[in-house]
Amino acid sequence: MGEVLVLVDHADGVVRKPALELLTLARRIGEPSAVVLGAGAAADGIRAKAAEYGAAKVYIADAPEFADQLVVPEVDALTQIARVADAAAVLVTATGEGKEIAARVALRLGSGLITDAIDLYAGERGPVATQSVFAASYQVTSRVTAGIPVIAVKPNATGPEAAPADGTVENVVVAFSAAATSTKVVSRVQRVSSGRPELTEAAIVVSGGRGVGGAEGFSVVEQLADVLGAAVGASRAAVDAGWYPHGNQVGQTGKQVSPQLYVANGISGAIQHRAGMQTSKTIVAVNKDPEAPVFDLVDFGVVGDLFEVLPQLTAEVKARRS
(Lines give C-alpha, C1' and ligand atoms only; values in the text may rest on other atoms or scores of the structure.)
Protein backbone atom coordinates (compact mmCIF):
# COMPACT_ATOMS: atom_id res chain seq x y z
CA MET A 1 0.00 0.00 0.00
CA GLY A 2 1.17 3.54 -0.74
CA GLU A 3 2.06 6.23 1.74
CA VAL A 4 -0.87 8.48 2.71
CA LEU A 5 0.14 11.87 4.07
CA VAL A 6 -2.00 13.36 6.84
CA LEU A 7 -1.53 17.04 7.71
CA VAL A 8 -1.82 17.11 11.50
CA ASP A 9 -3.81 20.01 12.94
CA HIS A 10 -2.52 21.00 16.37
CA ALA A 11 -2.91 23.88 18.82
CA ASP A 12 -0.92 24.64 21.97
CA GLY A 13 0.92 21.34 21.58
CA VAL A 14 -2.29 19.28 21.43
CA VAL A 15 -3.38 17.27 18.39
CA ARG A 16 -6.89 18.19 17.30
CA LYS A 17 -9.41 15.34 17.13
CA PRO A 18 -10.02 15.65 13.34
CA ALA A 19 -6.35 14.83 12.73
CA LEU A 20 -6.80 11.54 14.59
CA GLU A 21 -9.87 10.85 12.46
CA LEU A 22 -7.78 11.44 9.31
CA LEU A 23 -5.15 8.97 10.50
CA THR A 24 -7.92 6.43 11.08
CA LEU A 25 -9.29 6.98 7.56
CA ALA A 26 -5.81 6.89 6.05
CA ARG A 27 -5.41 3.28 7.22
CA ARG A 28 -8.28 2.31 4.91
CA ILE A 29 -6.45 3.46 1.80
CA GLY A 30 -2.74 3.02 2.54
CA GLU A 31 -0.01 3.45 5.13
CA PRO A 32 -0.51 6.63 7.18
CA SER A 33 2.31 9.15 7.53
CA ALA A 34 1.78 12.24 9.65
CA VAL A 35 3.03 15.68 8.64
CA VAL A 36 3.72 17.94 11.63
CA LEU A 37 4.54 21.57 10.80
CA GLY A 38 5.58 24.41 13.09
CA ALA A 39 5.10 22.52 16.35
CA GLY A 40 8.38 23.60 17.96
CA ALA A 41 9.14 21.90 21.27
CA ALA A 42 5.76 20.13 21.18
CA ALA A 43 6.71 18.13 18.08
CA ASP A 44 7.77 15.02 19.98
CA GLY A 45 4.51 14.82 21.91
CA ILE A 46 2.53 15.30 18.71
CA ARG A 47 4.65 12.61 17.02
CA ALA A 48 3.81 10.17 19.82
CA LYS A 49 0.09 10.87 19.50
CA ALA A 50 0.19 10.44 15.74
CA ALA A 51 2.05 7.14 16.15
CA GLU A 52 -0.59 5.97 18.63
CA TYR A 53 -3.21 6.41 15.90
CA GLY A 54 -1.35 4.64 13.12
CA ALA A 55 1.37 6.92 11.73
CA ALA A 56 4.20 4.64 10.61
CA LYS A 57 6.26 7.70 9.73
CA VAL A 58 6.13 11.29 10.99
CA TYR A 59 7.55 14.13 8.88
CA ILE A 60 8.54 17.06 11.09
CA ALA A 61 9.39 20.52 9.80
CA ASP A 62 9.87 23.60 11.94
CA ALA A 63 10.66 27.15 10.89
CA PRO A 64 9.57 30.70 11.83
CA GLU A 65 7.63 30.92 8.57
CA PHE A 66 4.95 28.56 9.87
CA ALA A 67 4.06 31.02 12.64
CA ASP A 68 4.82 34.33 10.94
CA GLN A 69 3.22 33.77 7.52
CA LEU A 70 -0.13 32.49 6.29
CA VAL A 71 -0.90 29.21 4.48
CA VAL A 72 1.85 29.22 1.84
CA PRO A 73 4.62 27.79 4.10
CA GLU A 74 2.35 24.81 4.85
CA VAL A 75 1.65 24.45 1.13
CA ASP A 76 5.38 24.53 0.33
CA ALA A 77 6.12 21.89 2.96
CA LEU A 78 3.27 19.54 2.11
CA THR A 79 3.96 19.75 -1.64
CA GLN A 80 7.65 19.04 -1.13
CA ILE A 81 7.00 16.05 1.14
CA ALA A 82 4.34 14.62 -1.19
CA ARG A 83 6.72 14.72 -4.14
CA VAL A 84 9.66 13.17 -2.30
CA ALA A 85 7.50 10.46 -0.72
CA ASP A 86 5.61 9.79 -3.97
CA ALA A 87 2.50 9.79 -1.80
CA ALA A 88 -0.56 7.75 -2.67
CA ALA A 89 -2.82 10.51 -1.29
CA VAL A 90 -2.81 13.65 0.85
CA LEU A 91 -5.47 14.18 3.52
CA VAL A 92 -6.27 17.45 5.30
CA THR A 93 -9.10 18.59 7.57
CA ALA A 94 -11.86 20.44 5.71
CA THR A 95 -11.64 23.71 7.63
CA GLY A 96 -11.43 27.04 5.84
CA GLU A 97 -7.64 27.03 6.07
CA GLY A 98 -7.40 23.31 5.38
CA LYS A 99 -9.37 23.59 2.14
CA GLU A 100 -7.21 26.47 0.98
CA ILE A 101 -4.06 24.44 1.67
CA ALA A 102 -5.57 21.43 -0.12
CA ALA A 103 -6.49 23.47 -3.20
CA ARG A 104 -3.04 25.04 -3.47
CA VAL A 105 -1.26 21.70 -2.97
CA ALA A 106 -3.42 20.04 -5.64
CA LEU A 107 -2.63 22.86 -8.07
CA ARG A 108 1.11 22.60 -7.37
CA LEU A 109 1.04 18.82 -7.86
CA GLY A 110 -1.14 18.97 -10.97
CA SER A 111 -3.60 16.74 -9.13
CA GLY A 112 -7.33 16.41 -8.63
CA LEU A 113 -8.97 17.74 -5.49
CA ILE A 114 -11.93 16.51 -3.43
CA THR A 115 -13.34 18.74 -0.67
CA ASP A 116 -15.85 18.19 2.14
CA ALA A 117 -15.57 14.40 2.06
CA ILE A 118 -17.65 12.65 4.71
CA ASP A 119 -16.28 9.13 4.14
CA LEU A 120 -13.31 7.47 2.46
CA TYR A 121 -12.50 3.96 1.30
CA ALA A 122 -10.12 2.13 -1.01
CA GLY A 123 -11.22 1.59 -4.59
CA GLU A 124 -9.73 -0.43 -7.41
CA ARG A 125 -8.23 2.71 -8.97
CA GLY A 126 -7.43 4.73 -5.87
CA PRO A 127 -9.23 6.31 -2.91
CA VAL A 128 -12.97 6.89 -3.27
CA ALA A 129 -14.62 9.66 -1.25
CA THR A 130 -18.24 10.21 -0.33
CA GLN A 131 -19.29 13.86 -0.54
CA SER A 132 -22.36 15.79 0.49
CA VAL A 133 -23.28 18.18 -2.35
CA PHE A 134 -25.92 20.71 -3.48
CA ALA A 135 -26.56 22.07 0.01
CA ALA A 136 -26.37 18.55 1.45
CA SER A 137 -29.32 17.41 -0.69
CA TYR A 138 -27.36 14.59 -2.32
CA GLN A 139 -24.44 12.30 -1.61
CA VAL A 140 -22.02 11.35 -4.37
CA THR A 141 -18.91 9.23 -4.61
CA SER A 142 -15.83 10.78 -6.23
CA ARG A 143 -12.39 9.65 -7.29
CA VAL A 144 -9.37 11.68 -8.36
CA THR A 145 -8.28 10.61 -11.86
CA ALA A 146 -5.06 12.63 -12.23
CA GLY A 147 -2.00 12.97 -10.01
CA ILE A 148 -1.80 12.44 -6.26
CA PRO A 149 -5.33 12.62 -4.77
CA VAL A 150 -5.70 15.57 -2.39
CA ILE A 151 -8.75 15.15 -0.15
CA ALA A 152 -10.19 17.51 2.47
CA VAL A 153 -12.32 15.56 4.96
CA LYS A 154 -14.98 17.02 7.24
CA PRO A 155 -14.51 16.63 11.00
CA ASN A 156 -16.51 13.74 12.52
CA ALA A 157 -16.35 11.74 9.30
CA THR A 158 -15.34 8.78 11.47
CA GLY A 159 -14.45 8.00 15.05
CA PRO A 160 -10.70 8.06 15.85
CA GLU A 161 -9.37 4.56 16.50
CA ALA A 162 -5.95 3.90 18.01
CA ALA A 163 -3.63 1.54 16.12
CA PRO A 164 -0.08 1.94 17.48
CA ALA A 165 2.66 2.22 14.86
CA ASP A 166 6.37 3.06 14.82
CA GLY A 167 6.09 6.80 14.20
CA THR A 168 9.60 6.95 12.76
CA VAL A 169 10.76 10.56 12.54
CA GLU A 170 11.78 12.14 9.24
CA ASN A 171 13.10 15.68 9.79
CA VAL A 172 12.41 17.91 6.81
CA VAL A 173 14.11 21.15 5.77
CA VAL A 174 11.60 23.04 3.64
CA ALA A 175 12.67 25.12 0.66
CA PHE A 176 10.18 27.99 0.95
CA SER A 177 8.96 29.76 -2.16
CA ALA A 178 9.05 33.53 -2.64
CA ALA A 179 5.29 33.58 -2.09
CA ALA A 180 5.74 32.19 1.42
CA THR A 181 6.64 35.62 2.77
CA SER A 182 4.12 37.62 0.74
CA THR A 183 1.65 37.77 3.66
CA LYS A 184 2.72 38.29 7.25
CA VAL A 185 0.87 37.88 10.53
CA VAL A 186 1.22 41.22 12.33
CA SER A 187 -0.90 40.59 15.44
CA ARG A 188 -2.90 37.96 17.26
CA VAL A 189 -5.81 38.21 19.67
CA GLN A 190 -6.45 35.34 22.04
CA ARG A 191 -9.97 34.03 21.56
CA VAL A 192 -11.97 33.90 24.77
CA SER A 193 -12.79 30.27 25.50
CA SER A 194 -16.36 29.31 26.34
CA GLY A 195 -15.20 26.04 27.86
CA ARG A 196 -17.26 24.18 25.25
CA PRO A 197 -15.96 22.10 22.33
CA GLU A 198 -15.04 23.73 19.04
CA LEU A 199 -18.23 23.91 16.97
CA THR A 200 -16.92 22.21 13.83
CA GLU A 201 -15.19 19.44 15.81
CA ALA A 202 -17.83 18.69 18.44
CA ALA A 203 -19.41 15.25 18.62
CA ILE A 204 -22.66 16.86 19.84
CA VAL A 205 -24.10 20.22 18.79
CA VAL A 206 -27.15 21.88 20.35
CA SER A 207 -28.47 24.81 18.30
CA GLY A 208 -31.08 27.51 18.73
CA GLY A 209 -33.01 29.49 16.15
CA ARG A 210 -35.71 32.11 15.83
CA GLY A 211 -37.88 30.11 18.20
CA VAL A 212 -35.72 30.98 21.23
CA GLY A 213 -37.26 34.47 21.03
CA GLY A 214 -34.19 36.49 22.02
CA ALA A 215 -30.66 36.39 23.42
CA GLU A 216 -31.92 35.38 26.86
CA GLY A 217 -33.68 32.39 25.30
CA PHE A 218 -30.34 30.77 24.51
CA SER A 219 -29.86 30.03 28.22
CA VAL A 220 -31.94 26.83 27.95
CA VAL A 221 -29.95 25.81 24.85
CA GLU A 222 -26.67 26.40 26.67
CA GLN A 223 -27.81 24.48 29.75
CA LEU A 224 -28.63 21.40 27.66
CA ALA A 225 -25.36 21.74 25.74
CA ASP A 226 -23.36 21.89 28.95
CA VAL A 227 -24.85 18.72 30.46
CA LEU A 228 -24.21 16.92 27.16
CA GLY A 229 -20.67 18.29 26.76
CA ALA A 230 -21.80 19.82 23.49
CA ALA A 231 -21.02 22.88 21.40
CA VAL A 232 -23.67 25.57 20.90
CA GLY A 233 -24.79 26.55 17.42
CA ALA A 234 -27.27 29.08 16.09
CA SER A 235 -29.29 29.67 12.94
CA ARG A 236 -28.67 32.63 10.67
CA ALA A 237 -31.87 34.29 11.86
CA ALA A 238 -30.65 34.13 15.44
CA VAL A 239 -27.21 35.56 14.76
CA ASP A 240 -28.51 38.24 12.38
CA ALA A 241 -30.84 39.36 15.16
CA GLY A 242 -27.83 39.71 17.45
CA TRP A 243 -28.96 36.98 19.82
CA TYR A 244 -25.79 34.90 19.48
CA PRO A 245 -22.27 35.45 18.05
CA HIS A 246 -21.80 35.02 14.30
CA GLY A 247 -18.95 32.60 14.99
CA ASN A 248 -21.58 30.09 16.15
CA GLN A 249 -23.71 30.24 13.02
CA VAL A 250 -24.45 26.87 11.43
CA GLY A 251 -25.43 26.92 7.78
CA GLN A 252 -24.39 27.47 4.20
CA THR A 253 -23.02 30.93 5.01
CA GLY A 254 -21.81 29.89 8.46
CA LYS A 255 -20.01 26.80 9.71
CA GLN A 256 -20.71 23.33 8.42
CA VAL A 257 -20.92 20.67 11.10
CA SER A 258 -21.27 16.91 11.00
CA PRO A 259 -21.55 15.72 14.61
CA GLN A 260 -22.75 12.38 15.91
CA LEU A 261 -25.78 14.18 17.38
CA TYR A 262 -27.38 17.47 16.32
CA VAL A 263 -30.23 18.96 18.37
CA ALA A 264 -32.12 21.77 16.61
CA ASN A 265 -34.32 23.92 18.84
CA GLY A 266 -36.76 26.47 17.46
CA ILE A 267 -35.20 26.15 14.00
CA SER A 268 -37.58 25.93 11.04
CA GLY A 269 -35.19 23.96 8.84
CA ALA A 270 -34.66 26.31 5.91
CA ILE A 271 -32.35 24.99 3.19
CA GLN A 272 -29.59 27.43 4.22
CA HIS A 273 -29.43 25.89 7.68
CA ARG A 274 -29.85 22.33 6.45
CA ALA A 275 -26.80 22.76 4.23
CA GLY A 276 -24.67 23.23 7.33
CA MET A 277 -25.85 20.26 9.40
CA GLN A 278 -27.64 17.73 7.22
CA THR A 279 -24.71 15.28 7.30
CA SER A 280 -25.04 14.89 11.08
CA LYS A 281 -25.32 11.23 12.06
CA THR A 282 -28.43 11.65 14.26
CA ILE A 283 -30.69 14.71 14.13
CA VAL A 284 -33.24 15.68 16.78
CA ALA A 285 -35.56 18.68 16.46
CA VAL A 286 -37.77 20.49 18.97
CA ASN A 287 -40.32 22.84 17.40
CA LYS A 288 -43.86 23.81 18.31
CA ASP A 289 -44.88 23.96 14.63
CA PRO A 290 -45.70 20.41 13.45
CA GLU A 291 -45.38 21.56 9.82
CA ALA A 292 -41.84 22.92 10.22
CA PRO A 293 -39.59 21.72 7.35
CA VAL A 294 -36.98 20.56 9.86
CA PHE A 295 -39.16 17.54 10.66
CA ASP A 296 -38.61 16.25 7.11
CA LEU A 297 -34.97 15.38 7.82
CA VAL A 298 -34.86 14.46 11.50
CA ASP A 299 -34.40 11.06 13.08
CA PHE A 300 -36.42 12.14 16.12
CA GLY A 301 -38.80 15.07 16.40
CA VAL A 302 -40.56 16.65 19.36
CA VAL A 303 -43.54 18.92 18.71
CA GLY A 304 -43.59 21.22 21.70
CA ASP A 305 -42.41 24.43 23.33
CA LEU A 306 -38.61 24.33 23.63
CA PHE A 307 -38.85 26.24 26.93
CA GLU A 308 -40.78 23.31 28.36
CA VAL A 309 -39.00 20.46 26.57
CA LEU A 310 -35.35 21.48 27.02
CA PRO A 311 -35.39 22.00 30.81
CA GLN A 312 -37.02 18.57 31.22
CA LEU A 313 -34.41 16.99 28.95
CA THR A 314 -31.59 18.74 30.81
CA ALA A 315 -32.94 17.53 34.15
CA GLU A 316 -33.30 13.97 32.84
CA VAL A 317 -29.71 13.91 31.53
CA LYS A 318 -28.46 15.20 34.88
CA ALA A 319 -30.50 12.59 36.77
CA ARG A 320 -29.17 9.72 34.66
CA ARG A 321 -25.59 10.88 35.16
CA SER A 322 -25.87 11.29 38.91
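Going by the structure shown, is residue 291 outside any loop (DSSP other than H, G, I, E, B) and either small (Gly, Ala, Ser) or outside the structural domain of residue 138 (by TED's automatic domain parsing) (or both)? Here the answer is no, as residue 291 does not meet what is asked. So which residues in the stretch 48-68 are without any contact (Cβ under 8 Å) to a residue 40 or more places away in the chain and under 14 Å from residue 22 (Cβ atoms)? Matches in the stretch 48-68: 49 only.
Any idea which residue in the stretch 153-177 is modelled with the lowest pLDDT, counting only those that are touching a strand residue (DSSP E or B) at 6+ places or on another chain (Cβ under 6 Å) and charged (D, E, K, R)? Once the filter is applied, the top-ranked residue is 154.
Every residue in the stretch 216-247 that is assigned to a strand (DSSP E or B) and either at positive phi or touching a residue at least 40 places away in the same chain (Cβ under 8 Å) (or both), please. Across the stretch 216-247, the qualifying residue is only 233. Within the stretch 271-308, the set of residues being in contact (Cβ under 8 Å) with a residue 24 or more places away in the chain, more than 30 Å from residue 131 (Cα to Cα) and among the β-branched types (Val, Ile, Thr) is empty. Note on the stretch 143-175: among residues that are among the small types (Gly, Ala, Ser) and surrounded by fewer than 18 Cβ atoms within 10 Å (Cβ to Cβ), the one that is nearest to residue 203 (Cα to Cα) is 159. Between 128, 140, the distinction of being surrounded by 11 or more Cβ atoms within 10 Å (Cβ to Cβ), not assigned by TED's automatic domain parsing to the domain that holds residue 294 and not in a loop (DSSP other than H, G, I, E, B) belongs to 128 only.
Scanning the stretch 256-273 for residues that are assigned to a strand (DSSP E or B) and surrounded by 21 or more Cβ atoms within 10 Å (Cβ to Cβ) returns 262, 263, 264, 265.
Scanning the stretch 294-309 for residues that are more than 23 Å from the chain's Cα centre (by Cα), part of a loop (DSSP other than H, G, I, E, B), farther than 23 Å from residue 152 by Cβ and among the charged types (D, E, K, R) turns up at least one hit.
The values are calculated or read from the model by the stated rules, or taken from the named source; none is laboratory data. Given the structure is predicted, the values throughout are model-derived calculations rather than measurements. Using ideal geometry, Cβ is built from the backbone for each residue, glycine included, and neighbour counts are taken over all protein chains shown.
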